[in-house]
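To keep things clear, I will list the structure first and then write my remarks on it.
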Amino acid sequence: MIWAIGLHKYWGKGYYATEASAALMDYAFNKLKIPCVYVLIEADNLKSRRVLEKVGFHEDKPMTIDGVSHVQFKAIKPM
């Protein structure tokens, strides 16, 4: 499952990224029965990092893709 929330011009303007991310996680865990969700963001995207942490993701590992620093986040379905 892949998701991107909103167009770049709307980022950081309070358009429900946290709520949308929480809803997608609920769908992945409870409807699709996926036990673990991974998200990849650019390392300097602090607002996305904050959203992910608010909905239960934890930093998993850094990586570089085409010379750009990224961070992989991971969330495991709560018991």
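Bear in mind these aren't lab numbers, they're just calculated from the coordinates by the rules spelled out. Remember, it's a predicted structure, so these values are computed and weren't measured experimentally. Here the Cβ positions follow ideal geometry from the backbone for every residue, glycine too, while neighbour counts run over all protein chains shown.
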Too long for a 22 Å Cα-Cα cut-off, among K31/K74; K31/K61; K33/K61, are K31/K61; K33/K61
How high is the relative contact order of region 22-79, in percent, counting Cα pairs under 8 Å that sit 6 or more residues apart? 38
Could you sort 50-58, 64-72 so that the peptide with the highest average Cβ count within 10 Å comes first and the rest follow in order? 50-58, 64-72
